[in-house]
Amino acid sequence: MTDRGSPARPAAPPLVRLGAVESTQSVAFELAEQGAPDGTAVVADHQTRGRGRRGRLWRDEPGSSLLLSVVLKPRLPLARLPLLSFVGALATAEALHETAGLEAHLKWPNDVLTRGRKIAGVLLESRVGGLAGRAPVVVVGIGVNLGQTGFPPDLEGRATSVWLETGRLLDRDTLLDAVLAGLARWRRRLEDEGFGPLRERWLAQTGTIGHTVTVDGRTGVAVDLDADGALVVREGTNVRRIVAGDVRS
Ligand code: BTN
């Protein structure tokens, strides 16, 4: 019998490192168009037009943040793709805990907070269609404030960084490795086991449920996270499902 040795491990997905770019999201979609494999990651030192949720800008000072976009070609039905934003938020919160010892809380839908201030944000964008039979491409974008020593007046008191929280400069690659490992792990669990385990872990780490929240001008008590990721809010005797919006608590 021929000894063929142990089976080859699948190659790690490519990691593309860039200096200044408009947005790592755009680069990731371009790479996906060119056939980049599932899991391809793009990191940059600076974005000139970083994208935030709901059409907002995501600003950074050069070298101060983890700016990451990951191409995903998930084994999920279209309706389940939005759940990948919970994967991004949870992977980031766990990575911050593991590498910086930070207690990070999740705010619906996918903000990562420390002591009530935003330390990281997640943006999920997808492109569906194109060639018949082609898998949808999702890019999960993650921005983590690492070295900021302060924030512009409009963010003061609402944003924070690892440096401000710990007084230490966290190595960007250490955090990157932990985030990528968490993304891969939680994404597989979502594909293999459904939303249940991810939902349980998200609920355990959220500061949203049980609190009075205001979403787009309407106030109620957040009571649950639905099986499709919607936030369930009780307003008096009415229960409302929120599928998109900004929560203030
Ligand atoms: C939010 O609004 O909270 C989401 C912010 C997401 C920012 C990240 S930074 C890396 C990636 N590239 C972008 O242009 N946006 C995401």
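The values are calculated or read from the model by the stated rules, or taken from the named source; none is laboratory data. If you're wondering where the values come from, they're calculated on a predicted model, not measured in any experiment. Backbone-built Cβ (ideal geometry, glycine too); neighbour counts: all protein chains shown. Calculation scope for accessible area: heavy atoms of the full protein, side chains included, ligands and nucleic acids excluded. Shrake-Rupley method; radii C 1.70, N 1.55, O 1.52, S 1.80 Å.
Odds and ends about this structure:
- Working from Cα pairs under 8 Å separated by at least six residues, relative contact order for the chain is 16 percent.
- Farthest positive-ward along the chain dipole, Cα basis, beta-carbon charges - from Val43, Ala184, Thr212: Thr212
- Environment charge at Val112 (Cβ cut-off 14 Å; Lys +1, Arg +1, Asp -1, Glu -1): +2
- Probe 1.4 Å, accessible area per residue of the chain, Å²: 51
- Tensor-based shape of region 48-123 (alpha-carbon gyration tensor, a/c under 1.5 rounded, otherwise prolate or oblate): oblate
- Neighbourhood net charge (9 Å Cβ-Cβ; Lys/Arg +1, Asp/Glu -1) for Leu57: +4
- Among Asp154, Asp226, Asp216, residue whose mean-square fluctuation peaks in a GNM of the chain (springs only between Cα atoms under 10 Å): Asp154
- Projected onto its three principal axes, the C-alpha set of the chain covers 71, 40, 37 Å, listed from the longest axis down.
- Burial ranking of peptide ranges 34-43, 13-22 (average Cβ count within 10 Å, highest at the top): 34-43, 13-22
- Summarising the label geometry, the points placed 7 Å from Cα in the beta-carbon direction at Ala11 and Leu81 lie 2.7 nm from one another.
- With the highest mean first, a sort of the peptides 170-176, 70-76 on other beta-carbon atoms found within 10 angstrom per residue produces 70-76, 170-176.
- Dipole magnitude of the chain about its Cα centre (Cβ charges: Lys, Arg +1; Asp, Glu -1), debye to nearest 20: 460
- Look at the alpha carbon pairs under 8 Å that are at least 6 residues apart: their mean separation over the length of region 45-122 gives a relative contact order of 20 percent.
- In region 129-245, the alpha-carbon atoms span a convex hull of 188 Å³ per residue.
- Placing dummy labels 7 Å off each Cα toward the beta-carbon, the span from Arg218 to Arg56 is 2.1 nm.
- Accessible carbon and sulfur surface of the chain relative to its total accessible area, %, 1.4 Å: 51
- When only Cα pairs below 8 angstrom with a gap of at least 6 residues are kept, region 41-173 shows a relative contact order of 25 percent.
- Span-rule helices in the chain, defined as complete DSSP H runs reaching 15 Å or more along the axis (Cα) with Kyte mean at least -1.0: 84-100, 172-193
- Loop sites in region 58-148: GluC sites (Glu not before Pro), DSSP, at most 15 other Cβ within 10 Å: Glu103
- Here the simple spin-label model places points 7 Å from the Cα toward Cβ, and for Glu200 and Asp171 these points are separated by 3.4 nm.
- Charge tally for Asp45 (other residues, Cβ to Cβ under 15 Å; Lys, Arg +1; Asp, Glu -1): -1.
- Estimated from the Cβ-Cβ distance and a Förster radius of 25 angstrom, the FRET efficiency linking Ala227 and Arg248 is about 0.50.
- Averaged over residues, the count of other Cβ atoms within 10 Å places the peptides 231-240, 138-147 in the sequence 138-147, 231-240, highest first.
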